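Take a look at the structure below.
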Amino acid sequence: MEPAAPLDVGIVGWHSHNEMFDAIGADLRQAGHRIIRYAHREAFTATPDPLAGIDVLLCVGVLPLTRATLATTSRLRAIVSAVTGVDGVDTAAATERTVVIANAQTEENIIGMAEATVLLMLAALYDLDGAQDRVRKGLWRPRNSRRPNSAARPSACSGSARSGAKPRVCSRRGAQPCSTAGAAMPTRPVCRRCSASTSTP
């Protein structure tokens, strides 16, 4: 099978992704493709007929690619967004010209989708939309909140002492001092966390 003919690839940079675009361009150039590099969106739009002579355009999805801009191309096969979304592309105009619109398998896309998946899981678990609605109505925090019950968690050492006395410290390693201000001293202060007698530091 003969190797595919080299492509003319246009790459439009973005202020927060230029390092990524440079790396992709270097790999494509090493593979034998010709690279037309635009440092940023302004350089692309300032160029007369920027898509003329380009087979594939690599950019960010918010780059404005209007019907008028797409009308200047005769060879364009694909518009590839290196990030999620293709909001800037006139999809109807691209479809009419049989131009493929795609998202690249860049690390940023993979990580972004993983983060979005975790966020959607948390939104479903904690009913984030419902929580925001209650905040707007001044009902925060309702008794039936789906927030995990903190009372069910092991509490810190809660022995007691007379007002002004030193806090009691649980004998269990790593435990925090008791909150004892103003409380009456029991005969044998006991840590509710581990049921062990406490000792004065």
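Throughout, read-outs are computed from the coordinates displayed, never taken from laboratory work. Keep in mind that this is a model prediction, so the values were computed, not measured. All Cβ positions, even for glycine, are placed from backbone atoms using ideal geometry, and neighbour counts span all protein chains on display.
Taking only the C-alpha atoms of the stretch 1-126, the Rg (one decimal) and the largest Cα-Cα distance, Dmax (whole number), read 15.9, 55 Å. Taking other Cβ atoms within 10 Å as a rough exposure proxy, HIS15, HIS40, HIS33 sort from fewest to most as HIS15, HIS40, HIS33.
Each residue, THR98 and TYR126, gets one label point 7 Å from its Cα in the Cβ direction; the gap between the two is 5.0 nm.
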